[in-house]
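Engineer: This is the structure, below, for whatever I ask next.
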């Protein structure tokens, strides 16, 4: 992976890797010696901003190919390269001809050409174009089209086990974390399943699934990452429909319902009758608030009010309100109207940390674990929080 | 051009020039920093600052420039942001930092700031990300501040007074270190007039010329500023390695006293304190040494900002521990440092292959660095070693107690930490 950028931009990417390192370490999921894409940077400076950075990029590619002999190279352009009008594609083409390995450039230039997901999509498209060929179908195989971290993460494990109930085996995880061998397997999949998780990200991942369908006739499950029970039911039905096994989908749903009941027996009772306040400061493009109300109803908890945090713009607040209207939520108020008074609440479930250290707050992750496992995780953590001795407050990250 | 192998590989995790510039300005009490750029870079710079100081992080806002603004200019977004600052925040100073991309389009940021008619001084600066990292951004910000806000001539110079230059809360443990330095300086009868970028207000910085001497703490941050103030106002300065270890602290304070016109009578108090602690540590460690042996590491690696790593490496080698081989890895330029006997190898953090080779031999060793080096060592499967964070980023430590590493008190903490970890290391069975 080459950043065509100033060195410091690559430091930021390195720092994101560093977070992942410690996150996996803390969850005992760190795998030593696992091959990873190495990060390189063309190191654009004032000089290249004036005279062009094409040669610098080429030197970078030559040095890394000579030393590391990678199977392929992907170049990501920074906004600086965009402003100075670098012809990165031409450099990549020339280097590819010289070295005889795929060397590709993502078209987007930092924030100039869309957001995170557009870059993610472009990188995925490049990999499809360069590594995938039509081949015989391997029955019962699935490719997960995902942006959910490591393929061994709890989220991916949950979807793997759900798919196993349909006798489907995940044999590729695309586009991140995929080796060339895995990339080459993608076009042999019987089905692709999208793990987006947000209104903003899902369409981009769906576009990748559509590309695979158009090129290799691989159907995909057109249903996003299932957070909450109703979403899980919907997802199970969608998988059943995609493989034409509605009866099997019914069985899978019943098995998951049983699993859910066990989760509630174990931890759900701890929330019964508890008073909850929801604080929402994340736009609906990145957050699905319905499942919280669903969960509160399932646990017999009492939702006192829902506070829309001031971090939301006026438009974003309106979008959350419209999304929640169908559920007739109790006391939907804005932070600017009544502040953040949480008196009487046993638990505050929030998208953003609140400054009041006396409050028992559960901070929701950007993307919770899907399926019944996700509900179980929430119940267990929320249960522990409300069971805290006396009046002790504090934060638990969901 | 650096032709060493690995110059393009990125295994280091320094921060960017924008974070450096933002750290300087957010270190001025009452200032508001406007990142005139995209949200992504803003969040990165803000997070860097607020991890060390939540209050400083709150001083940073963003104009939220988008792709269209790179074509048509940032006027709309910046004007809106400045209007919000004027009506809602009422700062003492506004610093506008253009992101790398905005710097390249050449917007007239100063003109827009003038039109906004803010009720306070405004400093505009390009983040300088194409010139380097944190240090370059900090330097550029400091230079812009003093070029745009001249310091008034003093009525008279105050005896036994200094300014600390090249200080930032954007370094690991910085707040605790500065408190210790101020305590020591006060004990030795020396007054600190201002520490630009590390908590001084615009008014305090305005009195900077009352000081007898400028003392550069971190040369990579404050060296250029000291030179600028010398050229502009004739202010004398000295550049010293930061005071780590008791001998290092003594040498640091002696150099300051020597550079001033006269010696304060209180100077002896600091000398006495250092002497007392030296005896205390010597006696306190006797039993431990009898039981656990000497503090020995097969290899020591010290990685971080240049001034910090050289000063710490010297203290470790001369006073705290023994080793077969000591390597320092510098995040910034190090051509200004005189060779220090006892430091076997000096590397730039961009020399990825050589850095990797040094870290590979850390079994049974000591790593003084950041979580970045820790992660690299963990990836190599090395578990039996002592490590202590001395630089950012830090993702594997809780810091709730102010524990300086600089100065007299810092030596106490550092000695105890290294010894306790060394004992834990001996307890690990092979």
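The values are calculated or read from the model by the stated rules, or taken from the named source; none is laboratory data. Given the structure is predicted, the values throughout are model-derived calculations rather than measurements. Virtual Cβ from ideal backbone geometry, glycine too; neighbours counted across all protein chains shown.
Engineer: Return the residues of region A:49-61 that are at the interface with another protein chain (Cβ under 8 Å from one of its Cβ atoms) and either in contact with a helix residue (DSSP H, G or I) (Cβ under 8 Å, 6 or more places away or on another chain) or more than 20 Å from residue B:131 (Cα to Cα) (or both); say none if nothing qualifies.
Structural biologist: Hit for region A:49-61 is A:49, nothing else.
Results for (1) touching a strand residue (DSSP E or B) at 6+ places or on another chain (Cβ under 9 Å); (2) surrounded by fewer than 20 Cβ atoms within 10 Å (Cβ to Cβ); (3) within 14 Å of chain B (Cβ to nearest Cβ), shown as yes or no for each residue.
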position	(1), (2), (3)
A:79	yes, no, yes
A:85	no, yes, yes
A:92	yes, no, no
A:96	yes, yes, no
A:109	yes, no, yes
A:114	yes, yes, yes
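Engineer: Still on this model: Going through region B:138-152 one residue at a time, which ones are part of a helix (DSSP H, G or I), touching a helix residue (DSSP H, G or I) at 6+ places or on another chain (Cβ under 7 Å) and modelled with pLDDT under 95?
Structural biologist: Scanning region B:138-152 gives no hits.
Engineer: Here is a further query. I'd like to verify a number: residues in region A:19-32 that are within 8 Å of another protein chain (Cβ to nearest Cβ) and touching a helix residue (DSSP H, G or I) at 6+ places or on another chain (Cβ under 8 Å), how many?
Structural biologist: So the count comes out to 5.
Engineer: Answer yes or no: is there a residue in region A:117-136 that is out of contact with any strand residue (DSSP E or B) (no Cβ under 8 Å at 6 or more places or on another chain), within 14 Å of chain B (Cβ to nearest Cβ) and not in a strand (DSSP E or B).
Structural biologist: Within region A:117-136, one or more residues are out of contact with any strand residue (DSSP E or B) (no Cβ under 8 Å at 6 or more places or on another chain), within 14 Å of chain B (Cβ to nearest Cβ) and not in a strand (DSSP E or B).
Engineer: For region B:39-66, give me the residue count where each residue is crowded, with 24+ Cβ neighbours inside 10 Å and under 20 Å from residue A:113 (Cβ atoms).
Structural biologist: Residues meeting the conditions: 4.
Engineer: I've got another one for you. Among A:61, A:12, which is within 21 Å of residue B:349 (Cα to Cα), free of Cβ contacts under 8 Å to residues at least 24 places away in the same chain and surrounded by 15 or more Cβ atoms within 10 Å (Cβ to Cβ)?
Structural biologist: Unique residue meeting the criteria: A:12.
Engineer: I would also like to ask the following. Among the listed residues B:117, B:9, which satisfies the condition of being touching a residue at least 40 places away in the same chain (Cβ under 8 Å), surrounded by fewer than 24 Cβ atoms within 10 Å (Cβ to Cβ) and either in contact with a strand residue (DSSP E or B) (Cβ under 8 Å, 6 or more places away or on another chain) or more than 9 Å from chain A (Cβ to nearest Cβ) (or both)?
Structural biologist: It is B:9.
Engineer: Tell me, which helices (runs of 4 or more DSSP H) lie completely within region A:185-288 with 1 or more residues that are touching a strand residue (DSSP E or B) at 6+ places or on another chain (Cβ under 8 Å)?
Structural biologist: A:202-216, A:229-242
Engineer: Additional query: Quick one: would you say residue B:303 is touching a helix residue (DSSP H, G or I) at 6+ places or on another chain (Cβ under 9 Å) and more than 27 Å from residue A:41 (Cβ to Cβ)? Outline the logic, then answer.
Structural biologist: On the way: touching a helix residue (DSSP H, G or I) at 6+ places or on another chain (Cβ under 9 Å): yes; more than 27 Å from residue A:41 (Cβ to Cβ): no.
It is false that residue B:303 is touching a helix residue (DSSP H, G or I) at 6+ places or on another chain (Cβ under 9 Å) and more than 27 Å from residue A:41 (Cβ to Cβ).
Engineer: Can you name the number of the only condition in (1) surrounded by fewer than 22 Cβ atoms within 10 Å (Cβ to Cβ); (2) within 14 Å of chain A (Cβ to nearest Cβ); (3) in contact with a strand residue (DSSP E or B) (Cβ under 7 Å, 6 or more places away or on another chain) that residue B:126 fails?
Structural biologist: Going through (1) surrounded by fewer than 22 Cβ atoms within 10 Å (Cβ to Cβ); (2) within 14 Å of chain A (Cβ to nearest Cβ); (3) in contact with a strand residue (DSSP E or B) (Cβ under 7 Å, 6 or more places away or on another chain) one by one, residue B:126 breaks only (1).
Engineer: Another question about this same structure. Taking the options B:387, B:424, B:417, B:412, name whichever one is assigned to a helix (DSSP H, G or I), under 23 Å from residue B:310 (Cβ atoms), without any contact (Cβ under 8 Å) to a residue 40 or more places away in the chain and more than 13 Å from every other protein chain (Cβ to nearest Cβ).
Structural biologist: Just a single option satisfies the conditions, and that option is B:417.
Engineer: Give the residue, chosen from B:317, B:324, that is surrounded by fewer than 24 Cβ atoms within 10 Å (Cβ to Cβ), away from every other protein chain (no Cβ under 14 Å), out of contact with any helix residue (DSSP H, G or I) (no Cβ under 7 Å at 6 or more places or on another chain) and part of a helix (DSSP H, G or I).
Structural biologist: B:317
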